[in-house]
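Colleague: Pasting a structure below so you can have a look.
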Amino acid sequence: QVQLVESGGGLVQPGGSLRLSCVASGSIFSLVAMAWYRHAPGKGRELVASINSGGGIEYGDSVKGRFTISRISRTNGENTVDLQMSALQPEDTAVYYCNSRLYTAPLKWDDYWGPGTQVTVSS
């Protein structure tokens, strides 16, 4: 069984910063990638940032230059990735979800999701 848990969401004023963290743990054989997505009311799910096990990074167009995804750190069987968000704007308000594509056994991979953390940008 695999668990993903996000933390770090909250309320911030426009122009402010927040740092989200995601920890993936459990029966992880091999990790392919970790990513952050967001879902705002009335909008579809949007890729925010992703990083693969080789260090390749991708950002959504709307966050380029403002958000930074960290490298994946591995400690005691836990895989952690952070998302540093700066220059936040009201349109960044959304529920942010951590995603991980990983193998739980050779030839057996799947996508796993955290429960999400709310980010609200408002004055």
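The values are calculated or read from the model by the stated rules, or taken from the named source; none is laboratory data. For clarity, every value in this text was computed on a predicted model and none was experimentally measured. No Cβ is skipped: glycine too gets one built from the backbone with ideal geometry, and neighbour counts run over all protein chains shown. To get the accessible areas, we keep the full protein, side chains included, count just its heavy atoms, and leave off ligands, DNA and RNA. Shrake-Rupley method; radii C 1.70, N 1.55, O 1.52, S 1.80 Å.
Colleague: W36 fails exactly one of the following numbered conditions: (1) of a type outside the set (G, A, S); (2) part of a loop (DSSP other than H, G, I, E, B); (3) under 20 Å from L102 (Cα atoms). What is the number of that condition?
Modeller: Single failed check for W36: (2).
Colleague: If you check S53 against the conditions, is it closer than 23 Å to D110 by Cα, touching a strand residue (DSSP E or B) at 6+ places or on another chain (Cβ under 8 Å) and open to solvent by less than 80 Å² (accessible area, probe 1.4 Å)?
Modeller: Yes; evaluated as a whole, the condition is true for this residue.
Colleague: Would you mention how many residues in segment 87-107 are surrounded by fewer than 20 Cβ atoms within 10 Å (Cβ to Cβ), outside any strand (DSSP E or B) and more than 15 Å from the chain's Cα centre (by Cα)?
Modeller: Within segment 87-107, residues that are surrounded by fewer than 20 Cβ atoms within 10 Å (Cβ to Cβ), outside any strand (DSSP E or B) and more than 15 Å from the chain's Cα centre (by Cα) number 6.
Colleague: Mind listing just one residue for me: the one in segment 19-35 that is farther than 20 Å from T117 by Cα and hydrophobic (A, V, I, L, M, F, W, C) and, of those, most open to solvent (accessible area, probe 1.4 Å)?
Modeller: Of everything passing the filter in segment 19-35, F29 is most open to solvent (accessible area, probe 1.4 Å).
Colleague: So S70 fits all but one of (1) closer than 11 Å to C22 by Cβ; (2) of a type in the set (S, T, N, Q); (3) open to solvent by 70 Å² or more (accessible area, probe 1.4 Å); what number is the exception?
Modeller: Every listed condition holds for S70 apart from (3).
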